[in-house]
Every structure is written in C-alpha cells, then in structure tokens.
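Novice: Can you keep this structure in mind? I'll have questions shortly.
The values are calculated or read from the model by the stated rules, or taken from the named source; none is laboratory data. Owing to the predicted nature of the structure, the values given are computational and were not obtained by experimental measurement. In this analysis, Cβ positions are derived from the backbone assuming ideal geometry, glycine residues included, and neighbour counts consider all displayed protein chains.
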Amino acid sequence: LTVGESLLAFKNSSMPLISTRDHLPYSSPIGIYTGSGASHSWLWFVGILDRMGFYNVHFVDEKDILSNALEPLNVLLMSGGDTFAIAEGLGAEGSNKLRSFINRGGLYIGTCAGAYLPLKSSMDSLNQFNFINVKISNISRRLSEPERHSFEKVACSSYGCDFVYHVVREDVLLEMVNGFQADGKKEVIAPLYGGPSMLPSEDIKPIATYKGFTRKTKFLVKKELAEKTLIGNIAVAKKSMGKGHLYIFGPHFEHPYYPSCNLFLEEIIRKEQNGRPHYSKKDSSEDLQNRIKGKALRELLKDLKRELSNTRIMASGMSDFSVSWLIGNKYYEPEKISVFINTVWDKMKVLESMPYLEVNRTLLLQCVEISKEITKDVKIIKSEIKERGDATSLTSKLFLNLKTLSSHFFKLYFKVKRDQLQDQPLGE
Amino acid sequence: MEYLSTNKIAIIDLATSKITDQEVDEDLVRERIGGVGITMALYEQYQSEDPIVLGTGLLTGTLAPASALGMITAKSPLTGKVCHAPLTLYAGLELKYSGFDYLVIKGSSKKPVYLWIHDGVADISDAKDVWGKDVWASTDTIRELMGDSLIQVLAIGKAGESESDFAQVCINYWASGDRWGFGKLFGRKKLKLVALRGMSLLEVLDPEGFVKQCKELLSTLKAVAFADKKGIEEIPAAIGEEDIQKWLAPLVHRHQSCFNTPFPTNTFVFLDEDPKLLKESEKEEPGFLITDVYGLLGFKKLGLSAADACALLRECARYGIDAVAVAELSQKAGKKKPDEIKKSFSGLKGALENIGKGRFSPWSPPKPIFANFGGSQDAQWWERKQAVAYIFGIHPIFALMSPELSEEKLIELANLGTGLGFTSEILDKVIADISK
C-alpha cells in the first residue's frame, strides 16, 4: 500500500495501516519508555504501532535501560509525563546509555516531556542530558512581570527560579518546513499538551513550526501572549548525533485522533530503520512450560476481564470529580485511570477474538493480580473523594500499578501478534 | 448476531454456580426477532429447570424512540402461566449494555446469592451483605460495593425473601411492572438481586439510515396528542379512571422519563420536603418515584390522602411487594389506615380479582392513552400492542400513546439496523408463537 492508501484505510476502518506481509519478517525492535515520569501518552504509541503493524515492541523502564535494554533496540519512543522524574530516574548512567544508543544508530523519538528531556538545561538531573543545544520560548524569563503573574499552577511547571509555561492546549496548526510533509501536506493540525516551543538553533533542523490556532485551541492565556510564545517557533525538529537521530515533537504526534501526524511518525520509523533490518526470529527464549492456552487461558483472561470491567465501571463516573493529583511534577486527573484501563480493554477484546491463543502464564497472572489491586484502590479513592473531597495517598501507587498492568499486558499482546505473524507462511 | 446485539446469552445455573456463554444465533433472530420472541424460546428450552429469563428487545438501548424496555419471562406463581414483566427506567438499557442480550437463570442456589452482570461478564456472588435488607438498602449496598451509582439493580425485598405470592422484583428503589410475583421466584432461587452495568457498544448495519429514521419518528411523536402532557398523574383520566391530578399536585416535584422515551410516565413526589424547594435537598431521599399508576389508584380508592398513598407506595417498594395487591387485599380486609396496611405486608395472603389475564403485565393500562388508534381497541388489540412492544423493546405504556410508532416503522428500523429482512408475516408468526 502507498502511504495515501494506508491513510485511507486508517480513516475508513479499523484495519491495520499496512498489510501484514509488508513487515514480515523484518520488524524493527522498538522500545517504549514506561518508567518513572512516563504518564499515559505512551499508550498512544502502543495504539499506532499496533495499527501500523509494528509488533516488535518492548517496554522499558529506567532499570531496563540501566541493564542495557536499549542495546537490541533500533528505536526508542519517549512520550509525555514528568521530564524531571524521567531524568532523575535515568540519571547520568541512563543518559550515557541513551547517548550510546543514539550514537550507534538508534532513533530517539521524544514527544512533549520526551522532547524536553534531551534539550540543553542547567537544572539538576536534566543537565546530564544536554544532547541538543536549543532554547525554548515558553520559559518565564522571557515574560514581563505582569505576564508572569497571569499563569496558574496547572499551566506551568517549576524550573528553578523560572517556570516553563503553557499557553494553549488541544489543537495547534503547524507548518511543515524544510521540505518535510505530513501525509503529503504542508500544514497539519496536532495536539499540544505542554510540549516545548523551540527557538531557532544551528544544532537542529526544523521540521515544523507553530503557524496558528484552530477552533479547537483552548487558550490558557490571552491570545496575544499565546501568539508571542508560539507562532513562528519550532514545534518539531531533528538532530543527528553519531550514527543516529533524535526527533523531538512539542505536540503529541502519536495522539490517535491525528492520523496525518501518526503517518509522519510511521514514515520516520520506516525511513530510519532502513539499513538496519532486524530479523525477528521466533522467540524461543521463553520457557515453554510457562505457556498457557486453551480453557485455562480463557478462564484467566476472563478473570482479567472481570477486574478490568470492575475498574472501568468504577472509574467511569470519576471524570465528574473536579480533582487532580500532583504526582512528581505532573498533574493526573481521574479520567486518566479510564485511559489506561480502556486501552487495555480494547486490546483485550482483540485477544479474546483470537481462536488459537497461547501466552506467558506468569505475565498474565501478574496482570490479573495487579488489576485486582487496581480495582481495590480505585474503589477506595472514589469513596475518599466522595467523603473528603480528595484522595491523594493511594494515587501514586494506583498510577504505578496502571502503568505496570498496561506494560505487562501489551508485552503479552505484542508477543501474541509476533507469534501469529511468524506462524503465517510467507506471502500470505 | 452482529447488529443491534451484544451477541451473547448467559446461561446461569444457580444450583451448580456454573455460567455458560452462548452466541445469539442469527437464525433464531431471523425467526423470532427478539425480546419476548426469544425469551419465550429460551424459556421453553430450559423449562424443566424452572428458568427466569431476562431479555431485551431488538431495538432496546438504541436511538429508536422509547427503546427502554427489557423484560422478565418466567412462570408466574400467581397465574401458573408463563408471563412477561416489563423492565423500564434504565434497567432494559443497562441489561443490553452489560454485554448480554439475554440471561437464563436456572436452578436454585443453596445460599443467598446475587448476580453481577457487567461488560460481558456474569458473576455469581455471595449475597451475605444484602440478604435480609430491604430493596433500598440492597441497592445502596450493591452500588457502594461496586463503586458506581449508575448500576441498575433488579432486587427483591423481604417479601421476596419470605416467598410472598405478591413479591415484586423492583428496579433500584422503585416499583416495577412485575405483577406476576416474580419476586417470589427470585426468593425461591435464593437470588437476592441482579446488578447490571456495562459500556458495550451496539453496531448498526446502516447507521445513517437508522438515525435518520429515528429522528423523523421522534419529530413526528413530539407533535402528537401527549405533547402538552406529562407525568403518571395524566394517565388515569385518559383511561377512564378518576382524575387524580389535583389530588397529587401538591406533592409533585418533577417528572421522569424512562430511557429515550418521549413521554415521562413517572412522577417524582416529595414526601419529606416541600416539592417547591429550589435549593439542593437536605434529606438523603425526600421522596418517591411513582412508576405504577394502579398502585397509586388502589391506595387512593382506599380513601387515603395523596401523601399517605405515596408513603405507602414507598413502603411497598422498600419491602418489595406489589402495591396493587396490597391495595386490593386491604380493601377486601377493610384496612384503611396506613399503619395497619403496612403491618399486613408480612404474611399477606388472598386471591386477587384484578389479576392479569394475558401474558403481558397489566401494569400497562388496557386501552389507548391520549391517542386515537382507530378501529377496535379490545383485549386482542392490547395484547398485540404489548407483544410488539415486548418484541422490539419499546416502552409498553408509551406504545399505547403512539400510533405513529407503528409495526411497519418498527420493522423498518429493525431492518435498517440489522438487514435481516423482517416482514409483517414474520412478526405475525412470532406473536402467534408467543401466544400459544
């Protein structure tokens, strides 16, 4: 399929963007960072990789990275969250691993917090990265005194004596520059949720600049200040480092409602993996005794489904609560619980519909146990919010469990998808 | 079954605690359409195991006007016949979205249990936290346990637990159209309640055509005879009973529709606070939702004030007993004081005269309401109107108000939704089959 045809398929149906034969047996090993500081937007990467047929997906946290988990990977996807927590989690050693990964030809794609991470900074933890020498326009030192006072806590993040501020949320209009196009277009709409606006620098090649706003843009400050901060500045940029590249995105190009942006990401991943094919052999490292199938598997899947359902039902009414929880430097709202659970839920249905299924028993059991814990905690949190108006003590644990459940589940899910591909005769 | 269906039936054996899921056979739908067409087929299939079948109509939970209806099909302890009770408010909707079109509950449990039906999962759970509690407390407890106030609860109270002939399966806190003593069947099976919640999606074959047709129907319905009317208090005068509007008016707080139903057939009265109170209520529950016109009329005929009648309706719902039976047997026994009537709930016995003669609950009035349907509107007409409503999942009282929601229109909607080629002949055959 051509890219155009792929997009049409994506828009008109839930079919994968590409035929399964297009990526057999070569599939670039792709890592998604799910460790400290990662919020929920990495789930969007899961969605587009699945739709695009990239099944060789691995979930890595800071411990994995320190244990050389980046070595077999061609691509690392670092999505939104708390940049400071990510930097702190990785530390100097993690930064070195990341640098080596890129230098030897790895592709780093960072959106939002993942875009801030490699930018030059003097702040503790962040100053261990400094892969890209670029300044951002959305920092308070560029504001007048009255402008500094126009921000509320949700629209900014502390940055030493300064703070990084956010002027709009939701849609922004971008202009693709330097010959880049997204889905064949020179202009594209993308969602911005606190990502950077970068000033021109010789260290980067601009890919897209902020051009304007749309009817769906939510202004957090006066429009004039939003324009001053964003318009004409760089939204997406590329930097080459050693044999590898970094692509950094202020807006979330991985957001599932923006297929043109998704296609641009797909093109980058495809292009950058050229010359580095990875033969995805049948994974025989797994203990065959630890596999589960048949009736026992169906029962266990039902147990997981039961708990996911219990949680999503409990969480369904929580979006009405006007609370948010500060975990690290990042605010989490109750509806994010549903984002995690519903993403797993949707893929759960895919697994259920597969007639021949075999998965890792331990991993699935862990998913069931974690999901039980999540159900219990969501119930307590909901009841505490009703009684006391807030509940913060359990939320860190809850979101950690949600991340663990999701990454365990998707590890299992992509393994099933890979196994299915490898069991198909070539050409089918 | 791909369209307008969750494609699942749960067969729940309370005796063994075994639950089996089945797919909804498309051929069965072609032949029996849905609703009571299929609950009857399932009843017959499992009749040796004394089943209670819960089901939804083919259009239940869709944009089709008044598509609120679910149903219970079982053998009535009162009539000895297989009968159908309506599940209105949001219970029919929630059953469909809980991931099952139908539930067959067979066998009896040794200990009290409840069913938690959610997102395509059916669970049998120990009812120790709710057994012995009244309907209101049971609903509160289960919603608290599951952490969601939108859960729809089909519960019995003490009447059902003690296997009273007049025990009713209530919906959340309110009376239902169960005039068949199905609450007794729940109690006999040691089934305290069925809790329903889900966030399934329904597929529609021709979404644009379906939505267009629904919108057109809704526009037509809004311009008809009931357009300037609302509430249960409008119904008695329209069916030749006494006008109760002035009697009830001082208590009326608001009117409430069942899911997607253009006429609000339910009226909420305030008993413990001024209904004209504009600020947020200070009482946990200051009133009661009247859902059964005959229960209200029954207590009025005893000479009770509206406040006493409504307070008794509330007590009936808490106890899980049919108010119509209570009113009729109180009349016969010459009991006219609220306290003595309430005391009679326990151990209430007697033969009812105003018992339903057909298979459909006499909760729906026996004649057209507000509307002119033309031609004869005898018992046979009523039975057919009810059958059609229970097959497609249309609110059975609203069906008596709306000639515009004709069999042809419902068949057309069903075909737009499923493409299964339903015809008047198929509908005739289903109605004939369920009437055998």
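Novice: Quick one: which strands (runs of 3 or more DSSP E) sit completely within the range A:292-371 and have at least 3 residues that are away from every other protein chain (no Cβ under 13 Å) and at pLDDT below 90? Steps first, please.
Specialist: Details: elements: A:325-327, A:330-332, A:358-360.
The strands (runs of 3 or more DSSP E) meeting that bar are A:325-327, A:330-332.
Novice: Restricting the range A:196-240 to residues that are of a type outside the set (Lys, Arg), touching a strand residue (DSSP E or B) at 6+ places or on another chain (Cβ under 7 Å) and more than 24 Å from A:Phe264 (Cα to Cα), which is surrounded by the fewest Cβ atoms within 10 Å (Cβ to Cβ)?
Specialist: Among those that are of a type outside the set (Lys, Arg), touching a strand residue (DSSP E or B) at 6+ places or on another chain (Cβ under 7 Å) and more than 24 Å from A:Phe264 (Cα to Cα), it is A:Phe219.
Novice: Regarding the range B:174-185, can at least one residue be identified that is more than 14 Å from chain A (Cβ to nearest Cβ) and hydroxyl-bearing (Ser, Thr, Tyr)? Give the derivation first.
Specialist: Residues of the range B:174-185 that are more than 14 Å from chain A (Cβ to nearest Cβ), as a first pass: B:174-185.
From what's left, hydroxyl-bearing (Ser, Thr, Tyr): B:176.
Among the residues of the range B:174-185, at least one is more than 14 Å from chain A (Cβ to nearest Cβ) and hydroxyl-bearing (Ser, Thr, Tyr), which makes the answer yes.
Novice: Let me ask you something else. Anything in the range B:291-306 that is touching a Lys or Arg at 6+ places or on another chain (Cβ under 9 Å) and either in a loop (DSSP other than H, G, I, E, B) or of a type in the set (Ser, Thr, Tyr) (or both)? List them, or say none. Explain how you work it out, then say what you get.
Specialist: Of the residues in the range B:291-306, the ones touching a Lys or Arg at 6+ places or on another chain (Cβ under 9 Å) are B:292, B:294, B:302-304, B:306.
Residues satisfying the conditions are B:Asp292, B:Tyr294, B:Leu302, B:Gly303, B:Leu304.
Novice: Then there's this: Let me confirm something: among A:Ala226, A:Ala235, which residue is at pLDDT 95 or above and either closer than 17 Å to A:Leu174 by Cβ or in contact with a Cys (Cβ under 6 Å, 6 or more places away or on another chain) (or both)?
Specialist: Details: A:Ala226 fails: at pLDDT 95 or above.
From the options A:Ala226, A:Ala235, the qualifying one is A:Ala235.
Residues are listed down the side, and each one gets a yes or a no for (1) at positive phi; (2) in contact with a Lys or Arg (Cβ under 8 Å, 6 or more places away or on another chain); (3) surrounded by fewer than 22 Cβ atoms within 10 Å (Cβ to Cβ); (4) not polar (S, T, N, Q):
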site	(1), (2), (3), (4)
B:Glu353	no, no, yes, yes
B:Phe360	no, no, no, yes
B:Trp382	no, yes, yes, yes
B:Ala389	no, no, no, yes
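Novice: Would you check which residues across the range B:50-76 are farther than 26 Å from B:Lys222 by Cα, modelled with pLDDT of 95 or more and either among the β-branched types (Val, Ile, Thr) or not in a strand (DSSP E or B) (or both) and list them?
Specialist: B:Pro51, B:Ile52, B:Val53, B:Ile72, B:Thr73, B:Ser76
Novice: Kindly establish whether B:Ser125 is crowded, with 24+ Cβ neighbours inside 10 Å, among the small types (Gly, Ala, Ser), within 12 Å of chain A (Cβ to nearest Cβ) and in contact (Cβ under 8 Å) with a residue 12 or more places away in the chain.
Specialist: Details: crowded, with 24+ Cβ neighbours inside 10 Å: no; among the small types (Gly, Ala, Ser): yes; within 12 Å of chain A (Cβ to nearest Cβ): yes; in contact (Cβ under 8 Å) with a residue 12 or more places away in the chain: yes.
Answer is no for this residue.
Residue-wise test of (1) under 20 Å from B:Tyr90 (Cα atoms); (2) at pLDDT 95 or above.
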| residue | (1), (2) |
| --- | --- |
| B:Thr141 | yes, yes |
| B:Ser149 | yes, no |
| B:Phe166 | no, yes |
| B:Tyr173 | yes, yes |
| B:Phe182 | yes, yes |
| B:Arg188 | no, yes |
| B:Asp206 | no, yes |
| B:Lys215 | no, yes |
| B:Trp247 | no, yes |
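Novice: Something else about it: (1) away from chain A (no Cβ under 14 Å); (2) closer than 26 Å to B:Gln45 by Cα; (3) small (Gly, Ala, Ser); (4) not in a helix (DSSP H, G or I): which one isn't true of B:Gly160, the others all being true?
Specialist: (4)
Novice: Name every residue in the range A:138-185 that is assigned to a loop (DSSP other than H, G, I, E, B) and at pLDDT 75 or above, in order of residue number. Show your work before the answer.
Specialist: So the first thing to find is which residues in the range A:138-185 are assigned to a loop (DSSP other than H, G, I, E, B), and the list is A:138, A:143-144, A:149-152, A:160-161, A:166-167, A:177-181, A:183-184.
Matches in the range A:138-185: A:Asn138, A:Leu143, A:Ser144, A:His166, A:Val167, A:Val177, A:Asn178, A:Gly179, A:Phe180, A:Gln181, A:Asp183, A:Gly184.
Novice: Go through the range B:1-32 and count every residue that is within 23 Å of the chain's Cα centre (by Cα), among the small types (Gly, Ala, Ser) and either surrounded by fewer than 20 Cβ atoms within 10 Å (Cβ to Cβ) or in a loop (DSSP other than H, G, I, E, B) (or both).
Specialist: 1
Novice: Further, regarding this structure: State which residue pairs qualify: first residue part of a strand (DSSP E or B) and inside the range A:50-70, second residue surrounded by fewer than 21 Cβ atoms within 10 Å (Cβ to Cβ) and hydrophobic (A, V, I, L, M, F, W, C) in any location, beta carbons under 6 Å apart, and separation of 6 or more residues or different chains.
Specialist: Pairs found: A:Val60/A:Ala69.
Novice: Return only the number of the condition from (1) free of Cβ contacts under 8 Å to residues at least 24 places away in the same chain; (2) touching a helix residue (DSSP H, G or I) at 6+ places or on another chain (Cβ under 6 Å) that A:Arg361 does not satisfy.
Specialist: Just one mismatch for A:Arg361, condition (1).
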